[in-house]
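Below is one structure, written out as structure tokens, with a few remarks after it.
The values are calculated or read from the model by the stated rules, or taken from the named source; none is laboratory data. Predicted, not measured: the structure shown is a model, and the values here were computed from it. Ideal geometry is used to build each Cβ from the backbone, glycine not excepted, and the neighbour counts take in all protein chains shown. The accessibility values were calculated without ligands, DNA or RNA, using every heavy atom of the protein model including side chains. Shrake-Rupley method; radii C 1.70, N 1.55, O 1.52, S 1.80 Å.
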Amino acid sequence: MSYVDGFVIAVPTANKQKFIDHARAGDAVFMDYGAIRVYECWGDDVPEGQQTDFRRAVQATEDETVVFSWIEWPDKATRDAGMKKMMEDPRLDPEVNPMPFDGKRMIFGGFAPLVVLEK
């Protein structure tokens, strides 16, 4: 069964194109190391909650947009090997591909799917 890494970040809305460029360059590395697919999703309908919500989770300001992303891997072993290689890949060096957002507010984690429905 596949394995998924999920991410939530706050990106300055003015940096949308910079984010797209950053994602295209960085996501190619994930694919090179075995990812099946990568989704980078720009917040379009991200409501404020009563207790918590995506915006509060990443401390998004009024001039930022929440981005929800995930990487699907064929399995955890491929993910673990790919992530190890990525840490040493010069294409991900911040000097080469700087993050157009505050990485300290990124939320991320690895997930083992429990229920998968496909059409």
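Placing a pseudo-label 7 Å from each Cα along the Cα-to-Cβ vector at ARG24 and VAL115 gives an inter-label distance of 3.7 nm.
Per residue, the chain exposes 68 Å² of accessible surface when a 1.4 Å probe is rolled over the protein heavy atoms with every protein chain present.
The residues packed around ASP5, meaning those with a beta-carbon under 13 Å from its beta-carbon, carry a net charge of -2 if Lys and Arg are +1 and Asp and Glu are -1. Which distance in Å, rounded to a whole number, links the C-alpha centroids of region 5-65 and region 83-119? Each part's Cα centre sits 11 Å from the other's. For the chain, the tally of Lys pairs with Cα-Cα distances below 23 Å comes to 6, considering only residues 8 or more apart or on different chains. For the chain, which whole percent of the accessible surface, found with a 1.4 angstrom probe, sits on carbon and sulfur atoms? Carbon plus sulfur share of accessible area: 56 percent. Calculated mean residue ellipticity, 222 nm, the chain: -8500 deg cm²/dmol, from DSSP H runs (n ≥ 4) at -39500 (n - 2.57) each, averaged per residue and rounded to 500.
Take every pair of alpha-carbon atoms less than 8 Å apart whose residues are at least six positions apart; their mean separation over the length of region 3-111 yields a relative contact order of 51 percent.
Placing dummy labels 7 Å off each Cα toward the beta-carbon, the span from ARG91 to GLN50 is 4.7 nm.
The GluC sites (Glu not before Pro) of region 23-71 that DSSP puts in a loop, and whose beta carbon has at most 13 other beta carbons within 10 Å, are GLU48, GLU62.
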